[in-house]
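One structure below.
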Amino acid sequence: MKLVVGLGNPGKKYQRTRHNLGFLVVDRLAKKNELTVKQKVGDALVAESSRNGEKIVLAKPQTFMNRSGLAVKELLGKYRGTTEDLLVVYDDLDLPFGRIRVRPQGSAGGHRGMKSILESFAGAPFCRVRVGIGRPPDDVDPVDYVLEPFNQAESRELSELIDRAAAAVECILRDGIQRAMELFNRPQPTL
């Protein structure tokens, strides 16, 4: 079993904000696999499929970002998985817009959703796909910045960025994290 969790906030108010990039990637993965992430399991919406006999669960926690760990822990319990089965996709202020970084583990780096997940699993390592949204201008609070919609320039590139992040997830599931790091942890990733 593999649990692919996209981080975001529920509700129309947050749909197209930078902080919901994880949700957008999970939705793109679902669409590519002719699925809809709408089944309610605990505090998350999920879609289930299988690949080569292995169950794949796409999930969007509905607990709001700061409490993502509660939903993820509940999901891993329900599906009888461990952190080795977990892959989390989320927005990252510390990467320039458009960059993707695949990692087998790491810190929260100030991301409250990741902090909640790490706290829920006592810091156990799990795979993550960080998707760069860039830093805000000096006069904009980072909390406000992540909750704003993408600007015009970002919006023009957003679909391609979501496709690349989805491709990184698919590469991890198909070929493993090492191969995904080789292909996607560079300025111009190869698809």
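Please treat every number below as a calculation from the coordinates, not as lab data. Source: prediction; values computed, not measured. Virtual Cβ from ideal backbone geometry, glycine too; neighbours counted across all protein chains shown.
For the reader, a short list of remarks on this structure follows.
- Distances between placed amide hydrogens fall under 5 Å for LEU93 paired with ILE133, all partners being 5 or more residues away or on another chain.
- Amide H contacts of GLN39 (H built 1.01 Å from N, in plane; Pro and chain starts excluded): VAL46 sit under 5 Å, all sequence-distant by 5 or more or on other chains.
- Residue-wise HN-Hα couplings along the range 156-165, as the Karplus relation 6.51 cos²θ - 1.76 cosθ + 1.60 with θ = phi - 60° gives them from phi, are 5, 9, 4, 4, 5, 5, 4, 4, 5, 5 Hz; Gly and Pro carry x.
- DSSP bridge orientation in the chain - percent antiparallel, rounded to nearest 5: 55
- Anisotropy class of the range 40-105 from Cα gyration tensor, a/c 1.5 cut: oblate
- Net charge of Cβ neighbours under 13 Å - reference PRO187; Lys, Arg +1; Asp, Glu -1: +4
- Here's how it looks for LEU86: its modeled amide H is under 5 Å from those of LEU3, CYS127, which are all 5 or more places away or on a different chain.
- For the chain, built as a Gaussian network whose Cα springs stay under 10 Å, the top-fluctuating residue of ASN20, ASN52, ASN151: ASN52
- Listing CYS171, CYS127 from fewest to most neighbouring C-beta atoms within 10 Å gives CYS171, CYS127.
- Largest GNM mean-square fluctuation among LEU161, LEU75, LEU95, using the chain with Cα springs under 10 Å: LEU95.
- Charge sum, other residues only, whose C-beta stays under 9 Å from TYR90's C-beta, Lys/Arg counted +1 and Asp/Glu -1: 0
- Of all lysines in the structure, the ones whose alpha carbon falls short of 26 Å from that of LYS12, not counting any fewer than 8 places away in one chain, are LYS31, LYS32, LYS38, LYS40, LYS60, LYS73, LYS115.
- Annotation: the residues ILE100, ILE177, ILE117, sorted from fewest to most other C-beta atoms within 10 Å of their own C-beta, follow the order ILE177, ILE100, ILE117.
- Ranked for footprinting exposure by Cβ neighbours inside 10 Å, fewest first, VAL41, VAL102 give VAL41, VAL102.
- A simple rule links phi to the HN-Hα coupling: the Karplus curve 6.51 cos²θ - 1.76 cosθ + 1.60 with θ = phi - 60°, which for the range 174-183 gives 8, 10, x, 5, 4, 5, 4, 5, 4, 7 Hz, with x for Gly and Pro.
- Computed from backbone phi, the HN-Hα couplings of the range 121-133 come to 10, 6, x, 4, x, 7, 6, 9, 10, 8, 10, x, 10 Hz, rounded to whole numbers (Karplus: 6.51 cos²θ - 1.76 cosθ + 1.60, θ = phi - 60°; Gly and Pro given as x).
- The chain shape via C-alpha gyration tensor axes, a/c threshold 1.5: rounded
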